[in-house]
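Everything below concerns the one structure shown next.
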């Protein structure tokens, strides 16, 4: 029996729409996550009778420390995981990497740990990781 030849057609329009739909999904997911963090901040301020600003600061700070660095590291190192595995790895890698990062900056670079330096260090690392992910997608 002769083998059938399969013709592969490359459609550039379809590829472009896939990238655009992925970008829209990313923006939608980002807005959902920010909405959840905002809702948690409002709930904290209502439940614990603190100011709205303090509740938002606590929720966004926890998100920045406990989830975001690990999520970015997971996006760089691991491919093909579903959202449950990605979320679990994000929490684990965030706790380990942020703690290690603060120990290194305090003991080796002699930078004192306070809220301002912690924020600057975390933002620098997150922006560097986001830049690496963006550069990797363009290449």
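Restricting attention to the stretch 109-122, does a residue exist that is in a helix (DSSP H, G or I), at pLDDT below 95 and under 13 Å from the mean Cα position of the chain (by Cα)? The answer is yes; a qualifying residue exists. Tallying residues that are in contact with a helix residue (DSSP H, G or I) (Cβ under 9 Å, 6 or more places away or on another chain) and not in a helix (DSSP H, G or I) within the stretch 21-73 yields 4. Looking only at residues in the stretch 73-92 that are within 15 Å of residue 134 (Cα to Cα) and within 12 Å of the chain's Cα centre (by Cα), which one is surrounded by the most Cβ atoms within 10 Å (Cβ to Cβ)? Among them, the one singled out is 74. Has the stretch 49-72 got at least one residue that is surrounded by fewer than 10 Cβ atoms within 10 Å (Cβ to Cβ), at pLDDT below 95, closer than 24 Å to residue 136 by Cβ and out of contact with any strand residue (DSSP E or B) (no Cβ under 7 Å at 6 or more places or on another chain)? No: the stretch 49-72 contains no residue that is surrounded by fewer than 10 Cβ atoms within 10 Å (Cβ to Cβ), at pLDDT below 95, closer than 24 Å to residue 136 by Cβ and out of contact with any strand residue (DSSP E or B) (no Cβ under 7 Å at 6 or more places or on another chain).
The values are calculated or read from the model by the stated rules, or taken from the named source; none is laboratory data. What you see is a predicted model; the values in this text were computed from it and never measured. Here the Cβ is made from the backbone with ideal geometry for all residues, glycine too, and neighbour counts use every protein chain on show.
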